[in-house]
There are 2 protein chains.
Amino acid sequence: MITGQNFIGSKRSAKGDVVFRTINPELNAHNDWESIEATTAEIDEATELAWKAFKEYRKTSDHERADFLDAIADEIELLGDTLLNVYCKESGLPQGRATGERGRTMFQLRSFAEMLRNGNWRDVAIDEAIPDRKPLPKADLRKTYIPLGPVVVFGSSNFPLAYSTAGGDTASALAAGCPVIVKSHPMHAGTGELVAMAIIKAAEKTGMPNGVFSNLNSNGIEVGVRLVNDPKVKAVGFTGSIKGGRALFDIANRRPEPIPLFAEMGSINPVVITEGALKENGEKWAEAYAGSITLGAGQFCTNPGLILAIESDGLDKFKRSLAEKIVKIDATCMLHPNIKSAYSTLKNEVSSQVGVKSLSIPLEVEANYADQAVAEVSGDAFLQNPKLHQEVFGPFSLIVKCANEQQLLTIIEQLEGQLTGTIIAEDSELSELTDIVDELSQRVGRIIFNGVPTGVEVCPSMNHGGPYPASTDARFTAVGLHAIKRWIRPISYQSFPGKLLPEELK
Amino acid sequence: MITGQNFIGSKRSAKGDVVFRTINPELNAHNDWESIEATTAEIDEATELAWKAFKEYRKTSDHERADFLDAIADEIELLGDTLLNVYCKESGLPQGRATGERGRTMFQLRSFAEMLRNGNWRDVAIDEAIPDRKPLPKADLRKTYIPLGPVVVFGSSNFPLAYSTAGGDTASALAAGCPVIVKSHPMHAGTGELVAMAIIKAAEKTGMPNGVFSNLNSNGIEVGVRLVNDPKVKAVGFTGSIKGGRALFDIANRRPEPIPLFAEMGSINPVVITEGALKENGEKWAEAYAGSITLGAGQFCTNPGLILAIESDGLDKFKRSLAEKIVKIDATCMLHPNIKSAYSTLKNEVSSQVGVKSLSIPLEVEANYADQAVAEVSGDAFLQNPKLHQEVFGPFSLIVKCANEQQLLTIIEQLEGQLTGTIIAEDSELSELTDIVDELSQRVGRIIFNGVPTGVEVCPSMNHGGPYPASTDARFTAVGLHAIKRWIRPISYQSFPGKLLPEELK
C-alpha cells in the first residue's frame, strides 16, 4: 500500500533517485518500504499547482471547506489498522498512543470544520457610512480576512499524525483557504504517505481543486529549503528543533518577499515548586512529575525539563523521592536512533557540567530506549552556565536549588522564552506568589497551576506558543482554533456594492 | 521652548555633540532651533529605563492607561499655536492641515482610551473545567493577551503628528501596556520635542512609571539601528521608505531573539477604471483624481500613483482631461528639500523610460514645491519594466493603457503588494468585475469602489497595511483600533486560582 511516491496534487510522482527507508526503533532495523525523495522539478511542479489551486480554493465557501476537512477525518479513520501499524513501526510509540493521536488528529480536523460552519470565525467588522458627517462624510467600510496563499507544512518527528501531514498546521491552513504542501518527515514517511492518500481522496470526493494538497518526501534539508524559498509559497508551519526552525526562519525572512514562518521549537517548561507544596504534598508531586517527565519517553515539547525550588528539607525529600520513582517506571522506546543518540549526548553534556549532580541511578536500557534521569544544580551554577538552559529532548529533568526567592525570580527573568511555565503551591501561599506569576507569565505562552505541563487541550482558550525560542512568533498559537489566524490577513472593502462583497460582509 | 534635548523618561538629556537643525521648506532655510542627537549611552539609558518601567506599566489597569492616553491628547491640545507653528515651519504643510492632523492625533489617542474603557478589547476566551470528561478530565483554561515589552517607534516624515511621536503606533503601543521609545524624525525634531513634552507631562500627571516614554533625536541611521538591536526592545513600528523599512526589518530578524517589526512602506495604489466609467463619468473622475493625486503634495502613502484602463476613446479623453486639470491646481510645498529632490529624480527616471509619454505640461515651481504631473505607458511596456512599478513619492501618476482585460488582469497579478486598490465602474458593469475584484484583493490591504484611496478613516473596520512591500506583515493594520494587536500576545492560564488571574479573566 505504501509506494514511496510523492503526491503532486492527486498525481503520484517519483522521478528522483534518492531513496530512503524509515527505521523501526523497537527492532532497531529499517522498515520494508522505501520512499523516494522529491526532485527539484517535482517541488516546482507542486508549488505551481498549489498556486493554480489557490485561485479556485480561495473562492470555496466555508461549508465546502468544512466538508473537505470532515472528509479528511473520515478517510483517515478508514485507513484503520494499516495506519496504526505503520505509525507504530515508524515511531516506536505504542498502539494506544497511535489510536489516541489519530483521535486527536480527527478531532482537530472536525473542530475546524465546525468552526467554519458556525459563523464569524473571521472577526469581521462593519462600519456603515455616515454621509452627513462633518467636516467629511464617512464611507461604508467593512473588514474581513482572506487566506495568504499556499502554505508549506513541515511534519514533526514526535507527532506523526497530530502535528504532521494532516495535523494542526495543515488543518488550520486548509480551513483558512490555503493550499498545503507537506514536507513529509523522513522518520515517518510511510505514515505520511498513507495520510496524504486520505487527504487526496477527501479532496477528490468533495470536489476540491487539484493541487489543494501535495506531499513531498525528503531525507535531507534540500526539499524544505527550496520550498521556503519558492515565491509561490506564502507562509510556513514548522515544529521541531531550534536549529532547524531558526534556519528556516532566516530563509523565510531573507526572501525578496519575506513570508511568515511559524516555528514551534524548543522549550524546557520550568516548574516552580514552593516550600509549602514540597512540605505538604511532596510525595504526590514527585509521583505526578515522575509520570510527566517520562510520558511518551519525554518526547513532548511541553516536557518539564526544569524544576525550580528554594532550598528546604522538603526539597531534599522531594528530589530523593522523584529520583526513586522515576527509575521505577518502565523505560520506553524513543522515536529514532538519532533521537536516542541526541538524548544521550545532551543528557551527558548537562550532567557533566560543573556543579551538576545526578540524582537517579543510571539505568540499563535496550537500544533506542530512553534511560530516564533527574539531576540537580545550584541556582548560582545554573545562572552562570547557558548550557544548562538547553532542552534535553527526552525523559530528563534538572532540579535547580535556589538560594532564596530573589534568586528564583532572577532565574525566571533570565530564562529563554518557553511554551509553558508551572507553579506548584498550597492555597495558603497564593498571596506570596504574585511576583513569581508576573515574571513567569513574561517568559511563557501558557501558565499552569498545580498540574503538569504535558497534555495540550485543543480548545479556543489554548495557547501553544511562547516568546522566542519557544516559537518564532509569540502572537499566534499553533494549537486550538485560533491557529487559523496565522494563515489569514485583513482586507477592508470601502463603499463596495453588496453584489461584489464577500458573503460574510453582505 | 524647544531645547533640542532628548527625553530619557522625564529627564532631559543632551550629552552628544552632533547637533542638527530642521529645515523650513517654504523658506528653503534652516529653522532657528537645534536638536542634539542621542549618544550611545543615552540610547542604552532609555532602553534600560523602559525595561524597568515595563515591570510597572504592564500592571496598570485599562482605566489607568486610558486616563494616560486622554491626558496626552489634552496636553497636545494645550500646546496650542506653538505646536501648529513649529509643525508648519518644519513640514511646509499649511495651517489647516496642521490643525486637522492634530485633531486626528488626539482622536486616535482618545479612541484607544475609549476602547480600553469599553471592555473586552483583548478577545479573551474562557473554557471551564469538565472534571468528569472521559477519557481525561478537562482543565479550566482561560486565554488573555499581554503586552510584548518596550516598543520603538520611528517617526514618519509625512505625518509629523498622526504617524509620529504620539501617533498611531505610540498610541496603540501605550494602550497595549508597552513603554515607547520614539526615534524622532530628523525633519521635524522640534515638533517631536513639543509632543514628547506633552506625553511626559501626561505621564507625570497620571502617575505613570518614569520611562514609559522616551524621545531620542537622531539625524543619521545609528540611533535607530542601535535601538532595533537592543535586547530590551521587543517590537518596532516604522513608517517610511521600502529601503529603510527593509533594512530595519532585516536587523530585527537577525537578532539572537528576533522581534516583530511593522514597517508600513511604499505603495503605488493602483486604480482600475472601466470603459463604462470613462465614457459616462470621465470628466468627474478626472476632476476627483486631479485632486487626489495632488492632495498634500502627493505625500500620502495612499496616493494613487497608477491608473489602469483598457484602451478606448473614453480613456483618451480622460487622460487629456486629467492632464489639463492637474496642472491647474496650485503647486504646493513638499516636506523637505531631500523629498523634493527625490521626487524630481524618480519622476524623471520613470518619465524617461522607454514608451513613457508625459501627458501634462511641465510646470515651473518654486524651490521645494512639487511640479505635479501625469504620464502614460502601454501595458506591454509596463509589464516589461520593473522601474515603472516603483513609488514616486509626490503628485505623480502613471496611466497604463492595457490592450485588453487579460492584460489588465496580468498586470494586477504581477503588481507588488499595495496598501490600497480602487475600482471605478458603472453600476451596470458590476457583474463583469468579479475577476478584477478577486485579483486586486490578493494584492492590496484595502479595496475601494468608486472613490479615491487618499483619506484613511480611523475605525475598527479600517485596514492600513497590505502584502509586502506595502507592509512587512500583512496580518496587522497600522491604523484603527486593531493596531493594538501588533503589540500583544496570547497567554493561557490553566487551572488558575481566581485570586491570581488577571482581572479580565476572573
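The values are calculated or read from the model by the stated rules, or taken from the named source; none is laboratory data. Quick caveat, the model's predicted, so the values are computed rather than measured. Note that each Cβ is placed from the backbone with ideal geometry, even for glycine, and that neighbours are counted across all protein chains shown.
(1) in a loop (DSSP other than H, G, I, E, B); (2) farther than 17 Å from residue B:239 by Cα: which one isn't true of residue B:198, the others all being true?
Against the list (1) in a loop (DSSP other than H, G, I, E, B); (2) farther than 17 Å from residue B:239 by Cα, residue B:198 comes up short only on (1).
Tell me, yes or no, whether region A:339-353 has at least one residue that is exposed (fewer than 14 other Cβ atoms within 10 Å of the Cβ), outside the structural domain of residue A:243 (by TED's automatic domain parsing), at pLDDT 95 or above and of a type outside the set (Ser, Thr, Tyr).
Within region A:339-353, one or more residues are exposed (fewer than 14 other Cβ atoms within 10 Å of the Cβ), outside the structural domain of residue A:243 (by TED's automatic domain parsing), at pLDDT 95 or above and of a type outside the set (Ser, Thr, Tyr).
Can you tell me which residue within region A:240-268, out of those that are part of a strand (DSSP E or B) and within 12 Å of chain B (Cβ to nearest Cβ), is farthest from residue A:180 (Cα to Cα)?
Step one: filter region A:240-268 for residues part of a strand (DSSP E or B), giving A:261-264.
Now restrict to residues that are within 12 Å of chain B (Cβ to nearest Cβ): A:261-263.
Values: A:261: 14, A:262: 14, A:263: 16 Å.
Among those that are part of a strand (DSSP E or B) and within 12 Å of chain B (Cβ to nearest Cβ), it is A:263.
Name the residues in region A:284-315 that are surrounded by fewer than 21 Cβ atoms within 10 Å (Cβ to Cβ) and either in a loop (DSSP other than H, G, I, E, B) or in contact with a His (Cβ under 8 Å, 6 or more places away or on another chain) (or both), would you?
A:311, A:312
If residue A:155 meets every condition in (1) under 18 Å from the mean Cα position of the chain (by Cα); (2) at pLDDT 95 or above; (3) not basic (Lys, Arg) apart from one, which number is that one?
For residue A:155, the failing item is (2).
For residue A:103, state whether it is within 14 Å of chain B (Cβ to nearest Cβ), over 19 Å from the mean Cα position of the chain (by Cα) and modelled with pLDDT of 95 or more.
no
Return the only residue of A:193, A:257, A:275 being within 22 Å of residue A:155 (Cα to Cα) and among the acidic types (Asp, Glu).
A:193
Pull out all pairs, ordered by first then second residue, where Cβ-Cβ is under 6 Å, the residues are six or more apart or on different chains, the first lies in region A:244-271 and is of a type in the set (D, E, K, R), and the second is at pLDDT below 95.
The qualifying pairs are A:264/A:478.
Which strands (runs of 3 or more DSSP E) sit wholly inside region A:378-481 and have at least 1 residues that are facing chain B (nearest Cβ under 9 Å)?
Answer list for region A:378-481: A:418-424, A:444-449.
With (1) surrounded by fewer than 19 Cβ atoms within 10 Å (Cβ to Cβ); (2) more than 22 Å from residue B:33 (Cα to Cα) as the list, and residue B:73 as the residue in question, which single condition is left unmet?
The failed condition is (1).
So which residues in region B:153-162 are assigned to a loop (DSSP other than H, G, I, E, B) and over 15 Å from residue B:199 (Cβ atoms)?
B:156, B:157, B:158, B:159, listed by residue number.
Pick out the one residue from A:91, A:61 that is crowded, with 20+ Cβ neighbours inside 10 Å and small (Gly, Ala, Ser).
A:91
What do you reckon, is residue B:145 in contact (Cβ under 8 Å) with a residue 60 or more places away in the chain, within 13 Å of chain A (Cβ to nearest Cβ) and either buried (at least 24 other Cβ atoms within 10 Å of the Cβ) or not in a loop (DSSP other than H, G, I, E, B) (or both)?
yes
Residues A:438, A:427, A:380: which one is surrounded by 14 or more Cβ atoms within 10 Å (Cβ to Cβ) and free of Cβ contacts under 8 Å to residues at least 12 places away in the same chain?
A:438
Could you tell me whether any residue of region B:210-222 is assigned by TED's automatic domain parsing to the domain that holds residue B:11, touching a residue at least 60 places away in the same chain (Cβ under 8 Å) and farther than 25 Å from residue B:39 by Cα?
no
Identify, from the list B:220, B:207, B:224, B:240, the residue that is surrounded by fewer than 24 Cβ atoms within 10 Å (Cβ to Cβ), of a type outside the set (A, V, I, L, M) and in contact with a His (Cβ under 9 Å, 6 or more places away or on another chain).
After applying the criteria, what remains is B:240.
Filter region B:106-141 for residues that are under 22 Å from residue B:175 (Cβ atoms) and among the basic types (Lys, Arg); which is farthest from the chain's Cα centre (by Cα)?
B:117
In this structure, does residue A:238 turn out to be within 25 Å of residue B:258 (Cβ to Cβ) and among the hydrophobic types (A, V, I, L, M, F, W, C)?
Values: within 25 Å of residue B:258 (Cβ to Cβ): yes; among the hydrophobic types (A, V, I, L, M, F, W, C): yes.
Taking the combined requirement at face value, the residue satisfies it.
Among the residues of region A:364-373, is there at least one that is closer than 21 Å to residue A:278 by Cα and among the aliphatic types (A, V, I, L, M)?
So far as region A:364-373 goes, yes, one or more of its residues are closer than 21 Å to residue A:278 by Cα and among the aliphatic types (A, V, I, L, M).
Quickly run through region A:123-142 and pick out the residues that are at the interface with chain B (Cβ under 9 Å from one of its Cβ atoms) and outside any loop (DSSP other than H, G, I, E, B).
Of everything in region A:123-142, those that are at the interface with chain B (Cβ under 9 Å from one of its Cβ atoms) and outside any loop (DSSP other than H, G, I, E, B) turn out to be A:125, A:126, A:127, A:138, A:141, A:142.
Evaluate the following for residue A:234: is it buried (at least 24 other Cβ atoms within 10 Å of the Cβ) and either without any contact (Cβ under 8 Å) to a residue 60 or more places away in the chain or in contact with a Phe, Trp or Tyr (Cβ under 7 Å, 6 or more places away or on another chain) (or both)?
no
Residue B:501 - would you say it is at pLDDT 95 or above, among the aliphatic types (A, V, I, L, M) and under 17 Å from residue B:302 (Cβ atoms)?
Spelling it out, it is not the case that residue B:501 is at pLDDT 95 or above, among the aliphatic types (A, V, I, L, M) and under 17 Å from residue B:302 (Cβ atoms).
Looking only at region A:485-492, decide whether some residue is touching a residue at least 40 places away in the same chain (Cβ under 8 Å), at the interface with another protein chain (Cβ under 8 Å from one of its Cβ atoms), in a loop (DSSP other than H, G, I, E, B) and crowded, with 20+ Cβ neighbours inside 10 Å.
Among the residues of region A:485-492, not one is touching a residue at least 40 places away in the same chain (Cβ under 8 Å), at the interface with another protein chain (Cβ under 8 Å from one of its Cβ atoms), in a loop (DSSP other than H, G, I, E, B) and crowded, with 20+ Cβ neighbours inside 10 Å, which makes the answer no.
Here is a list: A:328, A:319. Which entry is basic (Lys, Arg), at pLDDT 95 or above and surrounded by 21 or more Cβ atoms within 10 Å (Cβ to Cβ)?
A:319
Cβ contacts < 9 Å: first residue within 13 Å of residue A:231 (Cα to Cα), restricted to region A:45-68; second residue outside any helix (DSSP H, G or I) and among the aromatic types (Phe, Trp, Tyr), any location; separation 6+ or different chain. Result?
Pairs found: A:46/A:7; A:50/A:213.
Test residue A:397 against the stated conditions and say whether it is under 21 Å from residue A:446 (Cα atoms) and among the hydroxyl-bearing types (Ser, Thr, Tyr).
Yes.
Just one of (1) among the β-branched types (Val, Ile, Thr); (2) touching a Leu at 6+ places or on another chain (Cβ under 9 Å); (3) not in a helix (DSSP H, G or I) trips up residue B:99, so point out which.
Among (1) among the β-branched types (Val, Ile, Thr); (2) touching a Leu at 6+ places or on another chain (Cβ under 9 Å); (3) not in a helix (DSSP H, G or I), the lone unmet condition for residue B:99 is (3).
Taking region B:452-477 as the region of interest, how many residues are among the small types (Gly, Ala, Ser), closer than 16 Å to residue A:142 by Cα and touching a residue at least 40 places away in the same chain (Cβ under 8 Å)?
3
Determine whether residue B:44 is in the same structural domain as residue B:178 (by TED's automatic domain parsing), surrounded by 20 or more Cβ atoms within 10 Å (Cβ to Cβ) and of a type in the set (Asp, Glu). Give the steps one after another, and end with the answer.
Values: in the same structural domain as residue B:178 (by TED's automatic domain parsing): yes; surrounded by 20 or more Cβ atoms within 10 Å (Cβ to Cβ): no; of a type in the set (Asp, Glu): yes.
Taking the combined requirement at face value, the residue does not satisfy it.
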